[in-house]
Amino acid sequence: MTAFKDNLLAGKTAFVAGGTSGINLGIAKRFAALGAKVAVAGRNAEKAQNAAAQIAPDALGLSADVRNYEAIRGALQQAVDAHGNLDIVVSGAAGNFLAPALGMSANAFKTVVDIDLLGTFNVFRACHDLLNTPGASLIAITAGQAVNAVPLQIHACAAKAGVNQVVRVLAMEWGPDVRVNGISPGPIAGTEGMARLAPGSEGRSTGTHERIALRRWGEIEEVAEAAVWLCSDSAAYVTGTIIDVDGGSQLGDATRRNMARGLA
Ligand code: HXC
Ligand code: NAP
């Protein structure tokens, strides 16, 4: 799909938390295709094993809840025992549903914050002494909700804003040996996230295209390419940043702006 060399990640070990479906599974598959040894983790053991089977014959599918520090530490250790110390860790587990603040219990809010934000802290905190350094690369999967206020998404907005700050603080604390970055996908076709946020769209709603500069939803593989670049030597001087892979979704209503400029 790209100019990345087929062996770009040969000799590297990658752990993808939440890598058992969707965008994160796509990232795990791309890492493996470029030569990395890969482990993925989610809550559901059968789903994790099925995902591993799709990734590579030696990929590990592990069961761990990112809200449980000891469980995620155990999964990371299993990955290291099987494949050697870690070079790449992705924190992508997330939970989401549409609900107004007044339709959300304290536990509902806490549940999403715990999965997305505490989970990211847990994954990164637990992996640190298992990393091959210097040169290790950590990637958090965040979202535009981190910086944009989105109704019915108070839990995800708060959680992902926190994830962005975890990225920035750890980049400061763990440089120069470890680089820490985030990827903020836009609407990605064929994912659980968009099935929840735009129900009935079958993953490719055209009703939302006018707000996107590139006038389409993204593909899982397009997010995976950014992850590959971030953990490659080409990004050796990149840390503490959030890369938007969103077709310009956060720039505003592209159609309206172009009409105002006489371009539409
Ligand atoms: C209001 C809800 C709710 C809803 C659950 N709750 N769904 N409240 N509206 N639609 C409440 C429950 O009533 C409960 O509160 C609390 O949330 C916890 O629910 P549980 O079912 O016990 O939680 P759990 O089993 O841990 O499941 C977590 C989950 C679930 C987030 C609720 O949907 C899940 O497992 N999601 C994982 C998959 C997923 O969401 N993928 C998309 C992520 S990507 P009470 O008070 O009753 O105890 C994504 C893309 C967009 O989101 C990016 C934006 C950031
Ligand atoms: P998805 O398919 O639902 O993937 C979520 C993954 O996280 C699954 O592997 C799931 O497996 C795991 N998971 C959920 N809760 C967990 C927990 N408590 N502990 C461990 N693993 C857990 O979601 P997606 O739509 O591809 O989204 C992936 C990432 O991209 C998320 O971080 C999301 O916020 C971000 N994102 C997505 C979009 C989009 O368009 N979809 C847009 C912006 C950002 P189990 O259920 O087995 O645990």
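The values are calculated or read from the model by the stated rules, or taken from the named source; none is laboratory data. Please read these numbers as outputs of a predicted model, since none were measured by experiment. For neighbour counting, all protein chains shown are included, and Cβ atoms are generated from backbone atoms with ideal geometry for every residue, glycine included.
The figures follow:
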item: Condition met for L102 (more than 9 Å from ligand 2 (Cβ to nearest atom), aliphatic (A, V, I, L, M), modelled with pLDDT of 95 or more and in a loop (DSSP other than H, G, I, E, B)); result: no
item: Flag for G162 being out of contact with any His (no Cβ under 6 Å at 6 or more places or on another chain), surrounded by fewer than 22 Cβ atoms within 10 Å (Cβ to Cβ) and within 20 Å of A227 (Cβ to Cβ); result: no
item: Tally, over the range 21-64, of residues that are β-branched (V, I, T), more than 8 Å from ligand 2 (Cβ to nearest atom) and assigned to a strand (DSSP E or B); result: 1
item: Residues of the range 81-128 satisfying the condition of being near ligand 1 (Cβ under 9 Å from one of its atoms) and either within 16 Å of G18 (Cα to Cα) or of a type in the set (S, T, Y) (or both); result: G92, A93, A94, G95, N96, S105, T111, V112, D114, I115, D116
